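For reference, the structure discussed in these notes is given below.
Bear in mind these aren't lab numbers, they're just calculated from the coordinates by the rules spelled out. Here the structure is a predicted model, which is why all the values come from computation and not from measurement. Backbone-built Cβ (ideal geometry, glycine too); neighbour counts: all protein chains shown.
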């Protein structure tokens, strides 16, 4: 299966070859004749997700809060290339107190050092053993109650009778 990017490259290169093979100056595409340093005027086929850091978000929010005249926020949004939903989302994050989370990096967590991995494994083992101990204590308590209900001797009653004689 061919990716969209490869298909796009194939189509654009095929068009350039056909245009160059036609031999007329008007048939040659503008992309083929444009100098390499000039930016391509065509719209990109693949969009790139924009990322905003915390300082930028806070500065835009402060500037939006200072806007008093009608249409000032719209002008700010047009100038910065933002949508009103950006302001809404950033304001909610600011009010929730997640200012530190505004600039939080996405993706995988940083790799742990061997010492940190060992500590995490030991803490997990300790938690598992504590759960097992609590479960064992519950089982022993139920067994004691069952023995007293059935009138069977328990380990404690055997020790008590053995120590008296």
**Message:** At 7 Å along Cα-to-Cβ for each site, give me the label-to-label distance between residue 85 and residue 66 in nm.
**Reply:** 2.8 nm
**Prompt:** Between residue 96 and residue 156, 0.36 nm times their residue separation minus their Cα-Cα distance comes to what?
**Reply:** 15.9 nm
**Fill in**
Between residue 137 and residue 58, the two model label points (7 Å from Cα along the beta-carbon direction) sit apart by a distance in nm of 4.7 nm
**Asked** Which ordering of 48, 57 is given by a fewest-first count of other beta-carbon atoms within 10 Å?
**Response** 48, 57
**Intensity falloff of the stretch 54-102 expressed as log10 I(q)/I(0), Debye formula with alpha-carbon point scatterers, at q = 0.13, 0.20, 0.26 Å⁻¹** = -0.28, -0.64, -1.00
